[in-house]
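Asks: First, the structure itself, so that you have it in front of you.
The values are calculated or read from the model by the stated rules, or taken from the named source; none is laboratory data. The model shown is predicted, which means the values in this text are computed figures rather than measured ones. Cβ atoms come from the backbone with ideal geometry, glycine included; neighbour counts cover every protein chain shown. Ligands, DNA and RNA are excluded from the accessible area calculation, which covers all protein heavy atoms including side chains. Shrake-Rupley method; radii C 1.70, N 1.55, O 1.52, S 1.80 Å.
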Amino acid sequence: METKHSMVKKAIQSRILDGTFLPHQKISSESELMKEFGVSRHTVRLALGDLVSKGWLYREQGAGTFCADRQANGAVAGPGGQKNIALITTYISDYIFPSIIRGAESILSEHGYHVTLFSTNNNHETEKEILEKILAGSFEGVIVEPTKSAFSNPNINYYLNLERQNVPYVMINAYYDELEPLYVAIDDEKGGFLQTEFLIKQGCRNIAGFFKTDDIQGVKRMKGFLKAHRKYRIPIEPQNIITYYTEEKESKPAHELQQLLALPEKAVPDSLVCYNDQLALSLLNILREKNLRVPEDIAIVGYDDSFLADISEVKLTTVKHPKSDLGREAARLVIELIEGRKGAAAKKESMQEPIIFKPDLHIRSSVKAIEEAHKQ
């Protein structure tokens, strides 16, 4: 069980790390802390004493307790001059993330940087804990994949504190728009457009789209889906747009597809646009259970050109993702910022701009060619 003085200490550390208390700013008084946390003066003094001894705070006789400037004091310096980079992704060991990580690590290790990996599991609270570790540690730069990037982020203050400490960060796959950060990503709107346009050009007219919309990637892919329909003047059935959040990814898309397949025959979609290849494979299983053939009965397009696109008996047509190249470009960008002594707050003074990869389709057998469609 966590002790009371440890609880008070962690709360003060969090306020230092999120920028609530700035270097040389006076923190709350002992009496205020006692009242806030419902603890004794002895408990508060134990917590403050710990933080003073570890260089987080300092005292001035007769004036109070102040937030220390840990950078100036060398409290965040790396051991033995080691150069550390934090690499934060939503996931680490599955799907396309190992390729992104390998790409970044290959460049960073070439330049003498040690990489520490973190995973948020697309959870804001986990992201907060990771950012606190980074701000309390000895990292020269950060590469980060935003968590639930389509939503307002509760951890923005931590990123602002990175800027304040002149620690450069580069975002990958997505970005928090309010920060206007440097980022490396694929043009997801164009990718969603290409998925849908290809199906339209193969004769599909009743296309269902499945999009994870707590990440900005899914929102942009859905926008591309809509744009393709509008360009080719194809009406969209509202029931054919299925959105879901990370926590629903194992259940909602499958349930919604089963609902669509239960419609009268003329209303059943002739094709599916999927947020990614993982989703496409799970939907393929449902189609198989319903004895529907791909692509003869229903076509399907994935996204990311992951290893999953090739492992099923139906090889997925899918949008190519830069994966390793994305990781390498992010690594080059953060190194350039570090070595040029330009933090994220100085972005506008630098010549750096976001790097956006153009998407392309890898065409396989999950969509029937128009010539074949006409033979049916």
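Asks: Out of all the residues in segment 38-59, which are open to solvent by less than 60 Å² (accessible area, probe 1.4 Å), among the hydrophobic types (A, V, I, L, M, F, W, C) and assigned to a helix (DSSP H, G or I)?
Replies: Passing the criteria: V44, A47, L48, L51, V52.
A quick yes/no check of all residues on (1) among the aliphatic types (A, V, I, L, M); (2) within 25 Å of I92 (Cβ to Cβ); (3) in contact with a Leu (Cβ under 7 Å, 6 or more places away or on another chain):
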{"position": "I234", "(1), (2), (3)": "yes, no, no"}
{"position": "Y244", "(1), (2), (3)": "no, yes, no"}
{"position": "E250", "(1), (2), (3)": "no, yes, no"}
{"position": "L260", "(1), (2), (3)": "yes, no, no"}
{"position": "L263", "(1), (2), (3)": "yes, no, no"}
{"position": "S271", "(1), (2), (3)": "no, no, yes"}
{"position": "A299", "(1), (2), (3)": "yes, no, yes"}
{"position": "L337", "(1), (2), (3)": "yes, yes, no"}
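Asks: Determine which member of the set P146, P154 is open to solvent by less than 40 Å² (accessible area, probe 1.4 Å) and under 17 Å from the mean Cα position of the chain (by Cα).
Replies: P146
Asks: Could you look through segment 62-112, keep only residues that are of a type in the set (A, V, I, L, M) and farther than 30 Å from P23 by Cβ, and pick out the one that is modelled with the lowest pLDDT?
Replies: Across segment 62-112, the extreme among qualifying residues is I92.
Asks: I need the full set of residues from segment 116-141 which are open to solvent by less than 30 Å² (accessible area, probe 1.4 Å) and more than 13 Å from the chain's Cα centre (by Cα), in order please.
Replies: Passing the criteria: I130, L131, I134, L135, G137, S138, G141.
Asks: I would also like to ask the following. Answer yes or no as to whether A104 is crowded, with 19+ Cβ neighbours inside 10 Å and either part of a loop (DSSP other than H, G, I, E, B) or touching a Lys or Arg at 6+ places or on another chain (Cβ under 7 Å) (or both).
Replies: Here the answer is yes, as A104 does meet what is asked.
Asks: Please go through (1) in contact with a Ser or Thr (Cβ under 7 Å, 6 or more places away or on another chain); (2) over 29 Å from R102 (Cα atoms); (3) free of Cβ contacts under 8 Å to residues at least 40 places away in the same chain for L281 and return the number of the only condition it doesn't satisfy.
Replies: Checking L281 against (1) in contact with a Ser or Thr (Cβ under 7 Å, 6 or more places away or on another chain); (2) over 29 Å from R102 (Cα atoms); (3) free of Cβ contacts under 8 Å to residues at least 40 places away in the same chain, the one that fails is (2).
Asks: Additional query: In this structure, is S14 among the small types (G, A, S) and either in contact (Cβ under 8 Å) with a residue 60 or more places away in the chain or open to solvent by 60 Å² or more (accessible area, probe 1.4 Å) (or both)?
Replies: Yes, satisfied.
Asks: Under 7 Å between Cβ atoms, which residue pairs at least 6 apart in sequence (or on different chains) link something in segment 181-196 that is under 21 Å from V144 (Cβ atoms) and open to solvent by less than 10 Å² (accessible area, probe 1.4 Å) with a partner that is among the hydrophobic types (A, V, I, L, M, F, W, C) and part of a loop (DSSP other than H, G, I, E, B)?
Replies: Short answer, once both residue conditions are applied: A185/A174.
Asks: How do the pairs read when you match residues in segment 354-370 that are free of Cβ contacts under 8 Å to residues at least 12 places away in the same chain and surrounded by 14 or more Cβ atoms within 10 Å (Cβ to Cβ) with residues anywhere that are among the basic types (K, R) and part of a loop (DSSP other than H, G, I, E, B), using Cβ under 8 Å and keeping only pairs 6 or more apart or on different chains?
Replies: none
Asks: Hey, can you tell me all the residues within segment 246-266 that are open to solvent by 30 Å² or more (accessible area, probe 1.4 Å) and touching a residue at least 40 places away in the same chain (Cβ under 8 Å)?
Replies: E256, the sole residue that qualifies.
Asks: Which residues, counting only those in segment 222-239, are open to solvent by 10 Å² or more (accessible area, probe 1.4 Å) and assigned to a helix (DSSP H, G or I)?
Replies: Passing the criteria: M222, K223, L226, K227, R230, K231, P238, Q239.
Asks: Additional query: Taking segment 22-37, which residues are open to solvent by 60 Å² or more (accessible area, probe 1.4 Å) and either in a helix (DSSP H, G or I) or under 17 Å from S6 (Cβ atoms) (or both)?
Replies: The answer is S31, E32, K35, E36.
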